[in-house]
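The values are calculated or read from the model by the stated rules, or taken from the named source; none is laboratory data. As the structure is a prediction and not an experimental result, all values here were calculated from the model. Cβ atoms come from the backbone with ideal geometry, glycine included; neighbour counts cover every protein chain shown. Protein only, heavy atoms only, side chains kept; ligands, DNA and RNA dropped before computing areas. Shrake-Rupley method; radii C 1.70, N 1.55, O 1.52, S 1.80 Å.
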Amino acid sequence: MPPFHDYRDGGVLVMEPAASAALFGGVRSRKRARVTAVPPCGFVSAAAEAVEVVEEEGLTAAKRQKQQQQQREAPSLDALPDECLFEILRRVKGARARCASAAVSRRWLALLGGIRSSEIKREPAAAAVPDLNQVFVDEDEEEEDEFEVPLGGGCSSERCLEGREATDVGLMAVAVADALRGSLESLVIRGSHPTRGVTDAGISAAARGCPSLLSLALWHVPQVTDAGLAEIAAGCPSLARLDITGCPLITDKGLAAIAQGCPDLKVVTVEACPGVADEGLKAIGRCCAKLQSVNIKNCAHVGDQGVSGLVCSAAASLAKVRLQGLSITDASLAVIGYYGKAITDLTLARLPAVGERGFWVMANALGLQKLRFMSVSSCPGVTDLALASIAKFCPSLKQLSLKKCGQVSDGRLKDFAESAKVLESLQIEECNKVTLMGILAFLLNCSPKFKALSLVKCNGIKDICSAPAQLPLCKSLRSLTIKDCPGFTDASLAVVGMICPQLENVDLSGLGAVTDNGLLPLIKSSESGLVHVDLNGCENLTDATVSALVKAHGSSLARLSLEGCSRITDASLFAISEGCTDLAELDLSNCMVSDYGVAVLASARQLKLRVLSLSGCLKVTQKSVPFLGSMSASLEGLNLQFNFIGNHNIASLEKQLWWCDILA
C-alpha cells in the first residue's frame, strides 16, 4: 500500500511522488520536485499533465508505426520487374533527364545502359495546332541540353577510361550520356579496376548506347570475352579501328564476330592475346574488304595459315603490315611477297623461324613494287644476300631500318646502295658486323636522293687505320646520327666532315671519346648551316666547340643539346646570347653553368627560347630566380630539377611565368 499524507485542512489524501510515478506507468516528471508534499490543486494538474504525456507518446508511436506500414505497403518502382522499368526508362526524354535517372541506382543505370539508341521512344510528330505551353517547355529543355558540358574533357567524340576509372559503371554512364546524341566515335579503355573491372556488361552497354563508334581500344582488360566483342559487332556496325592488347579471354570467335558485324573495319591490332589463332585472322581478311592496316604482335598461336589467309584475302587494300613475335616461317613471307601488291609499309620483328630463303623469296616474288618503308628487327634470316634482293626487287623503297640483324655486314652494302635508286633514309642499330669501310662504300654509291643516315650502338664502327683511296662526296646527306658507338673518335669524325658538306642535323650523342679537335672540322665544313645539333654525353667538349658552332651557324641553329657536357661553362652561354637568333630549344642539363650564365642568357632579347633545361646544374641557385622570371614570353617549358633553387622560389617563379610549364 503506497504511503499517503493526510491534510486535514484540505480534506484530501496525497501519495508520495515516487509512488505516484509508479502508479502512472513510470512517467518521468518534467521537473524534479523540491518537496514531497504538494497542495491539493497541484496534484490534480500534475496528474492531468502526466496522462496527456502518456497519451501523446502512445499516439506518436502508433502513428509512426502506421506510417511505416503504409510506406511498406505503398507501390514503388523498385517493385517492378526489369521489363517494366525498361519500357518506362526508354521513354525518358532528353539527355539531362536520362542522366538524372541513371543516378538513381545501379539497377536503373544498368537498365539505361542496356537500351539501344534505336530503342529510345521518340516523340511523335507535332500536331497541326500545337500546345503552346508544351512548345515553350520543349524549347527550354532544348536550350538546357545545348549548354550541357560534354564528357571526355570537352570533346564528346572521344572518351578514355584508365586504371581505376575503368569500370562497368563508368562505361554504362558513358553509354547513357551518348545514347541520344550518338556523337562518341572513339573509346579507349586502358587497364581495369582491380576489383570492379570492365566486363562484358560494360562493353555491351557501350555497344548499345554508342552506335556511331568508329574506334575501340581495349588495353589489358582481362575480363572481357568474346561475348563483349559480339555485342560490339551487333551494335557498332561502323567500327573502323580495333585495338586489342593483353585480353587473354578473347579468341578467334570474338574476332570472327567483329569481322562479320563490322565490314568497314580498316585497322586491326591484336597484341599479346593467347586465345587468338589463325581462324580469327582469316575471318577478318575474308569479311573486311576495306582492311588497310594489320598489326599482329606476340600471339603464340598465330601461324602461317592465319597470316597467309589474311594477306591473300585483303591483298587489294592492305597497305600496312606489322608482324612481331610470331611462329611464322618462310611460307608467310613468300605469300606477302607475292600478294602484297598494295603494301607500302612492312615491319618484321622477332621472327626466329624465318630464314634467309624467306626474305629472298619475298623480294623475288615481285609483289612488293609499292613498298616504301621497311623495318626489320631481330630476324636472323636477314643476310647480305637477302638485303641485296630487297634493294633490287623493291624499286620504291625509300626508308630501311635494320636492328639487331647480326648477319648483315659490309659485303653487299655497295650492291645495296647501287640497287636502291630512290632510298632516302638508312638506319642501322646493333649490327656489329657493319664497319666504317662499308658505310663509306655505301655513301660512295648511294643515290642522289639519299638524305639521312643513322648508326646506333654499332660496335664495328671504329676508326680506320688508313683512309680509302677514293673518299665519297655525299652532297645530298642532310641528317647524320652516330650514337653510342664507342669506337668512333676524332679521326673518323674529321672524315665525316670532309664527305658530308651539306649536313643540317647532327646527333653525336654518347661519343665520349670525341673532343674539340674532331668536331671543329665538321663545324667548319658544313656549308648549308647546322639546324639541330645533339651532343649529349660528349664530356670532352669545351666552350671552344660551342663558340665555333655559334659563330659559324648561329643564324640557322634552332636546337642545341649539351646534356652531360661537364666542361661547358658560362662562356658558352655568353656566346649563345651574342650569336644565336633563331634558337628555340637549349638543353644545358648537368653542365657547369652558374647564375651569371643564366643572367646573361635572360638578358639576350633577340633570343626566343621555347624550351630551356637547367636540370642538374648545381651552380644554379636562388639568385637566378629574378633572371628566369624575366625570360621571354615565348618560353613554354623550363626544367629546374636537381638544383639549389628551392621550393619557395619555384612557387614564386610559377607565378611570374604562369604561362610556362615548369618542371622542378
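Taking θ as phi - 60° and the Karplus parameters 6.51, -1.76 and 1.60, the scalar couplings of segment 654-664 work out to 5, 6, 6, 9, 5, 8, 9, 8, 9, 10, 9 Hz in sequence order, x denoting glycine and proline. Rounded to 0.05, the FRET efficiency of the GLU279 and ASP345 pair, given R0 = 22 Å and the Cβ-Cβ distance, is 0.30. Each residue of segment 230-240 was assigned a 3J(HN,Hα) from its phi angle through the Karplus expression (A = 6.51, B = -1.76, C = 1.60, θ = phi - 60°), giving 5, 5, 4, 4, 7, x, 10, x, 8, 4, 10 Hz with x at Gly and Pro.
First check a/c for segment 462-526, with a ≥ b ≥ c the square roots of the eigenvalues of its C-alpha gyration tensor; if it is under 1.5, answer rounded, and if not, answer prolate when a/b is larger than b/c or oblate otherwise. Since a/c reaches 1.5 but b/c is at least a/b, the shape of segment 462-526 is classed as oblate.
Amide H contacts of GLY246: HIS220, GLU271, ALA272, CYS273, each under 5 Å away and 5 or more positions distant or on a separate chain (H built 1.01 Å from N in the peptide plane; Pro and chain starts excluded). In this structure the amide hydrogen of THR225, modeled in the peptide plane, comes within under 5 Å of the amide hydrogens of ASP200, none closer than 5 places in sequence on its chain. Each Cα pair under 8 Å and six or more residues apart adds its sequence gap; the mean of these over the residue count of segment 373-502 is a relative contact order of 20 percent. Sort segment 297-420 into rounded, prolate or oblate with this rule: let a ≥ b ≥ c be the square roots of the eigenvalues of the Cα gyration tensor; rounded if a/c is under 1.5, and if a/c is not under 1.5, prolate when a/b is larger than b/c, oblate otherwise. Note, shape of segment 297-420 comes out oblate. Once you sort the root eigenvalues of the Cα gyration tensor of segment 171-280 as a ≥ b ≥ c, which label holds: rounded (a/c under 1.5), prolate (a/b larger than b/c) or oblate (the other case)? Oblate is the answer for segment 171-280, as a/c is 1.5 or above yet b/c matches or exceeds a/b. With K and R counted +1 and D and E -1, the other residues having a Cβ less than 12 Å from that of LEU562 yield a net charge of -4. Distance from the alpha carbon centroid of segment 628-664 to that of segment 549-610 works out to 17 angstrom. Charged neighbours of VAL611, selected by a Cβ distance under 9 Å, balance to -1 (K, R count +1; D, E count -1).
Find the relative contact order for segment 246-343 and round it to a whole percent, using C-alpha pairs within less than 8 Å whose residues are 6+ positions apart. Computed over segment 246-343, the figure is 26 percent.
Straight-line cross-link partners of LYS655 among the lysines, defined as a Cα under 27 Å from its Cα and at least 8 positions apart when in the same chain: LYS608, LYS619, LYS623.
By average Cβ neighbour count within 10 Å, what is the ranking of 196-202, 233-239 from highest down?
Values: 196-202: 20.7, 233-239: 19.1.
Ranked from most to least packed, the peptides come out as 196-202, 233-239.
Evaluating 6.51 cos²θ - 1.76 cosθ + 1.60 at θ = phi - 60° for every residue in segment 495-501, the Karplus couplings come out as 5, 4, x, 6, 9, 10, x Hz, glycine and proline recorded as x. Solvent-accessible surface of segment 158-301, taken per residue with a 1.4 Å probe and all protein chains present: 36 Å².
Stretch LYS449-ALA234 to full length: gain in nm at 0.36 nm per residue minus the Cα-Cα span?
On the way: separation 215, 0.36 × 215 = 77.40 nm, distance 4.97 nm.
My answer for the length gained is 72.4 nm.
Considering only the other residues whose Cβ falls under 12 Å of the Cβ of GLY246, what net charge follows from Lys and Arg at +1 and Asp and Glu at -1? Net charge in that neighbourhood comes out at 0.
In a fully extended conformation the segment linking LYS433 and GLU654 would gain 74.4 nm over its present Cα-Cα distance, using 0.36 nm per residue. Ligands, DNA and RNA aside, MET498 has an accessible area near 120 Å² when probed at 1.4 Å. Of the solvent-accessible surface of segment 529-663, computed with a 1.4 Å probe over protein heavy atoms with every protein chain present, carbon and sulfur atoms account for 55 percent.
For LYS462, the amide hydrogen comes within under 5 Å of the amide hydrogens of LEU436, counting only partners 5 or more places away or on other chains and with H modelled in the peptide plane. When TRP219, TRP658 are compared by accessible area at a 1.4 angstrom probe, the order from most to least is TRP658, TRP219.
Taking 7 Å steps out from each Cα toward its Cβ at LYS623 and HIS532 produces label points 3.7 nm apart. Ranked by solvent-accessible area (1.4 Å probe, protein heavy atoms only, all chains present), the residues PHE574, PHE359, PHE627, PHE393 order from largest to smallest as PHE574, PHE627, PHE393, PHE359.
The distance linking segment 359-410 with segment 261-301 is 25 Å (Cα centroid to Cα centroid, whole angstrom).
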